[in-house]
Amino acid sequence: MTNIAEGKTPEDLLVLLKEAQDEEGYISEETMIELAETLDMSRSDVYGVATFYSFLSTRPQGRNIIRICKSLPCHLKNYESVAESIEKEIGIKPGQTTADRRFSFELTNCIGACDKAPAMLINDDVHGNLTPGKISQILEEYK
Amino acid sequence: MPEKRIVLKNCGIVDPGNIDSYLEQDGFKALRKVRDELTPEQVIEELKTSGLRGRGGAGFPCGVKWEMAYQAPGDEKYAICNADEGEVGTFKDRYMLENDPFSLVEGLAIAALTIGAKQSYIYLRAEYHYLLDLLNQAIKQAGERGFLAGINIEVREGAGAYICGEESALMDSIEGKRGEVRPRPPFPPTQGLRAKPTIINNVETLMNIPPIIRNGGEWFSREGTERSKGTKVFSVSGDVTRPGVYELVLGSTLKELVVDLAGGENVKLVQIGGATGRIVPETMLDTELSFETILGAGAVTVFNRSRDVVDILYRTMEFLAEESCGKCSPCREGTAAMVTILEKFTRGQGEESDITVMEQLSSAMTLSSLCGLGQAAPNPVMDSLQHFRNAFEERIRVD
């Protein structure tokens, strides 16, 4: 196996972590150790970066990540009812992943879609003007 | 004062995926003028004449920032566009990137040429990953037409962190680190990315550059107030019938924006500038929107009379506590302490002394935090206590 960080410097760490996550779905302990050694950084520094950003995960995640916005503009449009509908639909609470690894579900801060609140991201897609009734059909698209 | 489209002029008119449609709207004429006719000093002079101030919230004079970086010694310099639009209630940069990415590329290219930056970055928040291809396409098309000779623009993506919209944290993030803020001085124009002279401008600031260069600084300075020239793009959301993006001449009133344009009814209060912004009661809707009064990055969230100010404040502080980078204790501990106190009020279990504690804590955080997050986090607390003190007093526990 070629080293993922060959020829790289500590400045590339964030990019490498994102690449690793794209590949494996999350950032494993082995990846972090390998990066630390190749980039000649301490393991804690690598771990520090990997756990700082909310879009990086050091735990295995579902194939599809639902991030529903919980910030004020979405709260005013009752995101809570949409979140409940998601919970019912996939049977998990925010912070959890379904047993079949189809979905991870998270509450997130403002995603910049307040003009179509309540809104959520599924992977990189924005879904806005949500109602509880729309959820099941939207989730259908994500296998 | 009316709506006026300077920055949004091309939105809805150009095809964001096709540079030809941008060229038809005078696209890249400003960049050509900068290359063929103007010295860097003249560009900076035009910007100073224009009175353009940073649209990311801090309002620093753009010409002065560029001049500092231009004059800073060294060959290695950087120009960065801050597209990490994370302030709660803000989506204007998203709208502009979606509709007119070429204006941003042109503005950033002018910045790079002026200060002498060979490398430039657009730092795009992870939440806007869906805009990455569009931006890369715009850069590629501009390059293919020869507009970017000597300039290299790269889009760097964030990974989900509000604080990275703060310029020093943003630079740390580009350097591959945790996005934690740096003490200042030194300021970025002298020591920024990789400790080299760097300018960091908001998307909207950079999109103001091409029209200023085409029409002249004097033209730009005709609109606005004494110390706030030109227009501002606002993101309006919450209890309004027409949420969206509006561009108004600076000095327009909050009422024009919130009631006349966005259709706010039964307004109780407006939060301007997001989580660290100001809270303005309905009685002050005639307030002017300008750097002299209130502006921020242009996030405007409207709350009607059915909303509870304690709940609004609690949620705002929860957000800030979550997004504090943790580097300095006034912010890390201060926001957490505020959440603890406010949570008591949401349950009707506040104490008389809590109000005093919040006031003292606010002043300590403002004075001693490292960056704008901690310094401005008390804004909504102080404003709420000033305008809606009753709402807190009613929630004090009766033994």
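Note on region B:3-34: residues that are without any contact (Cβ under 8 Å) to a residue 40 or more places away in the chain and among the acidic types (Asp, Glu) amount to 3. Filtered by the rule that a residue be part of a helix (DSSP H, G or I) and touching a helix residue (DSSP H, G or I) at 6+ places or on another chain (Cβ under 9 Å), region B:150-177 gives B:TYR162, B:ILE163, B:CYS164, B:ALA169, B:LEU170, B:MET171, B:ASP172, B:SER173, B:ILE174.
Looking at the structure I just gave you, is B:ILE279 in contact (Cβ under 8 Å) with a residue 24 or more places away in the chain, in a helix (DSSP H, G or I) and touching a Leu at 6+ places or on another chain (Cβ under 7 Å)?
Working: in contact (Cβ under 8 Å) with a residue 24 or more places away in the chain: yes; in a helix (DSSP H, G or I): no; touching a Leu at 6+ places or on another chain (Cβ under 7 Å): yes.
No.
For (1) within 14 Å of chain A (Cβ to nearest Cβ); (2) closer than 24 Å to B:PRO243 by Cα, each residue gets a yes or a no:
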residue	(1), (2)
B:GLN271	yes, yes
B:VAL280	no, yes
B:THR283	no, yes
B:ASP286	no, yes
B:ALA337	no, no
B:GLY348	no, no
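Residue check: is B:VAL249 within 14 Å of another protein chain (Cβ to nearest Cβ), within 30 Å of B:GLU167 (Cβ to Cβ) and at pLDDT 95 or above? For B:VAL249, the condition - within 14 Å of another protein chain (Cβ to nearest Cβ), within 30 Å of B:GLU167 (Cβ to Cβ) and at pLDDT 95 or above - is not met.
Yes or no, residue by residue, for (1) of a type in the set (S, T, N, Q); (2) closer than 26 Å to B:VAL105 by Cβ:
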residue: B:GLN137; (1), (2): yes, yes
residue: B:GLY165; (1), (2): no, yes
residue: B:ARG182; (1), (2): no, no
residue: B:ARG194; (1), (2): no, yes
residue: B:ASN215; (1), (2): yes, yes
residue: B:LYS232; (1), (2): no, yes
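How many residues are touching a residue at least 12 places away in the same chain (Cβ under 8 Å), within 14 Å of chain A (Cβ to nearest Cβ) and over 20 Å from B:GLY165 (Cβ atoms) if we restrict to region B:91-133?
Here is the first cut: in region B:91-133, the ones touching a residue at least 12 places away in the same chain (Cβ under 8 Å) are B:91-129, B:131-132.
If we keep only those that are within 14 Å of chain A (Cβ to nearest Cβ) too, we end up with B:91-99, B:119, B:121, B:123-129, B:131-132.
Applying the additional criterion that residues be over 20 Å from B:GLY165 (Cβ atoms) yields B:99, B:119.
Residues meeting the conditions: 2.
Restricted to strands (runs of 3 or more DSSP E) entirely inside region A:25-143, those with at least 1 residues that are at the interface with chain B (Cβ under 10 Å from one of its Cβ atoms) and without any contact (Cβ under 8 Å) to a residue 12 or more places away in the chain are A:125-127. Here B:VAL155, B:VAL88 are screened, and the one residue that is within 14 Å of chain A (Cβ to nearest Cβ), closer than 25 Å to B:GLN25 by Cβ and of a type in the set (Val, Ile, Thr) is B:VAL155.
Exactly one residue out of B:GLY298, B:GLY326 is touching a strand residue (DSSP E or B) at 6+ places or on another chain (Cβ under 6 Å) and either surrounded by fewer than 19 Cβ atoms within 10 Å (Cβ to Cβ) or away from chain A (no Cβ under 11 Å) (or both): that is B:GLY298.
Only one entry of B:ASN201, B:ASN208 meets the criterion of being in contact with a helix residue (DSSP H, G or I) (Cβ under 9 Å, 6 or more places away or on another chain), assigned to a strand (DSSP E or B) and surrounded by 17 or more Cβ atoms within 10 Å (Cβ to Cβ), and that entry is B:ASN201.
The values are calculated or read from the model by the stated rules, or taken from the named source; none is laboratory data. Everything numeric here is computed off the predicted structure, so don't read it as measured data. Every residue, glycine as well, gets a Cβ built from its backbone with ideal geometry; the counts of neighbours run over all protein chains shown.
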